[in-house]
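The values are calculated or read from the model by the stated rules, or taken from the named source; none is laboratory data. This one's a predicted model, so the numbers in the text were calculated from it and none came from an experiment. Please note: Cβ atoms are built from the backbone with ideal geometry, for glycine as well, and neighbour counts cover all protein chains shown.
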Amino acid sequence: MPNRPAYVGSFLIEKFVRCIVYSLFQDILGYAVKPVFRIPLFHDKLVAAVLSFFWAGLGQIYNGQLAKGIGFMVLYAFSVLLIIVLIGILLAPIVWLIGMWDAYRTAQQYNERQLQNERLYYDSLRR
């Protein structure tokens, strides 16, 4: 997979840019044009893993999984509190490692889907 920059943007930014560019082309040419570019929205796998390294759940939130991220945060905070009872000594590192792995894997799957969608998009332009 090509090394692409990670855009920390959203769907709204992409739509906003497209609307401006398309309306300019439409005003200049007098007719609607097919889009000729696409802003890739990729998530960096390492950023997701590093965020989860600092606190379980941050990587999931970076990947756009807010509920899952909050769930990991609550579970990790609870397991840290359980360290007092000694059960958390085993539970906290497990939750922490699963959170990092999940954030990394989710970003990787997201990027693969985005790349596949991008290929389909460019194939549809060639037709």
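Check K15 against each of (1) among the charged types (D, E, K, R); (2) modelled with pLDDT of 90 or more; (3) surrounded by fewer than 18 Cβ atoms within 10 Å (Cβ to Cβ) and name the one condition it does not meet. For K15, the exception is condition (2).
Within segment 45-76, track down each residue that is under 13 Å from the mean Cα position of the chain (by Cα), over 12 Å from G99 (Cα atoms) and of a type in the set (A, V, I, L, M, F, W, C). Listed by number, the residues that qualify are L46, V47, L66. Tallying residues that are in contact (Cβ under 8 Å) with a residue 24 or more places away in the chain and either in contact with a strand residue (DSSP E or B) (Cβ under 7 Å, 6 or more places away or on another chain) or not in a helix (DSSP H, G or I) (or both) within segment 75-127 yields 0.
The requirement of being β-branched (V, I, T), assigned to a helix (DSSP H, G or I) and modelled with pLDDT under 90 is fulfilled somewhere in segment 22-29, by at least one residue.
Conditions tested, residue by residue: (1) surrounded by 21 or more Cβ atoms within 10 Å (Cβ to Cβ); (2) at pLDDT below 90.
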residue: P35; (1), (2): no, yes
residue: L41; (1), (2): no, yes
residue: D44; (1), (2): no, yes
residue: V47; (1), (2): no, yes
residue: G57; (1), (2): yes, no
residue: Y62; (1), (2): yes, yes
residue: K68; (1), (2): no, no
residue: A77; (1), (2): no, no
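As a summary of the residue check, H43 satisfies the conditions (1) in a helix (DSSP H, G or I); (2) in contact (Cβ under 8 Å) with a residue 60 or more places away in the chain; (3) in contact with a helix residue (DSSP H, G or I) (Cβ under 7 Å, 6 or more places away or on another chain); (4) of a type outside the set (A, V, I, L, M, F, W, C) except for the one numbered (1).
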